[in-house]
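These notes are about the structure you will find just below.
Read-outs throughout are calculated quantities, based only on the coordinates presented, and are distinct from any laboratory measurement. Computed from a prediction, not measured in an experiment: that's the story for all the values here. Cβ sites come from the backbone with ideal geometry, for glycine too, and all protein chains shown count toward neighbours.
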Amino acid sequence: MRKAKKRSRVKQLPLRVMFQDEARFGRMSDPRRCWAPPGVRPRVGYQLIREFTYAYGAVSPLDGVSDFLILPYMTADVMNLFLAEVARRHVREFILMVYDGAPCHSPTALVIPENMMVKTLPAYCPELNPTEHIWDEIREKFFPNLVFESLDAVEEQLMEALLFLEKHPATVQSITGFKWIVNALGKS
C-alpha cells in the first residue's frame, strides 16, 4: 500500500527532461589558437601529466537548469552518487534523465532514484547529447592554454566554470537548447 502512495505522488510531479554526461579534465594540456598582435608568436605552455578528475553534468535544455559535480572516477558507484544528488536537488519534479551508453551507465549497476527514469541514447551518437557542448564551452572559455601545478588547481578552475554555468541558465539554454529537443518537448 505504501509503494502505491509513493508511485501516485511521483506521477503527479512535473516532468523535467535532463541530458547527462561526464567529461575528463586534467593536467594534459591541449594548446589552442589564441589572439596575438600581428608579428608576435604567442607562447603557450604545454604539459603531459596524466592526472584527471571527472565533471558529471545534467542539463535541462528547455530552461537551462543544470547540475554538476566534480568526482574522482567514472564508475557505476560514482554515477549512483550523481543521480542521487540530482534527484535530491529536484525533489519536487520527476526527472527523465537521458544519457549515453557508457559502461558505468549499466542499468543493472545503477540505483535509479524514485523520482527519476533513465533513457539511453543510441550508440555512437554523441552529437545527440547537448551536454557534450557544455564540455566544449568549458574547455574553450575556462581552460584555454593553461598549465596547472596540481590536480587541485584543475578542480578549482573546473569548479569556477561549473558554478558559472549553474548560475547562468540562459547560457546553458543557448548552448543546449537544440531545436529538435525543444520541438519534441512541445516548447517552440
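Under 14 Å Cα-Cα from residue 141, which aspartates and glutamates qualify once same-chain neighbours fewer than 8 residues away are excluded?
Counting by Cα, and skipping residues close in sequence, residue 141 has these aspartates and glutamates nearby: 30, 160.
Ranked from highest to lowest mean number of other Cβ atoms within 10 Å per residue, what is the order of the peptides 122-130, 13-21?
13-21, 122-130
Taking only the alpha-carbon positions of region 135-177 and ignoring solvent, what does the Debye formula give for the base-10 log of I(q)/I(0) at q = 0.22 Å⁻¹?
-0.74
Test of understanding: express the Cα radius of gyration of region 57-188 as a ratio to 2.2 N^0.38 Å, with N the residue count.
Here the answer is 1.08, to two decimals.
Which value does Rg/Rh take for region 37-131 over its C-alpha atoms, Rh per Kirkwood?
On the Cα set of region 37-131, Rg over Rh gives 1.12.
Can you pull out the trypsin sites (Lys or Arg not before Pro) in region 46-128 that DSSP calls coil and that have at most 11 other Cβ atoms within 10 Å?
Passing sites in region 46-128 are 92.
Under 19 Å from the Cα of residue 119, which aspartates and glutamates turn up, not counting those fewer than eight places away in the same chain?
21, 22, 67, 77, 85, 93, 100, 127, 132
With both partners inside region 46-188, how many of the DSSP beta bridges are antiparallel, as a percent to the nearest 5?
Here the share of antiparallel DSSP bridges comes out near 55 percent.
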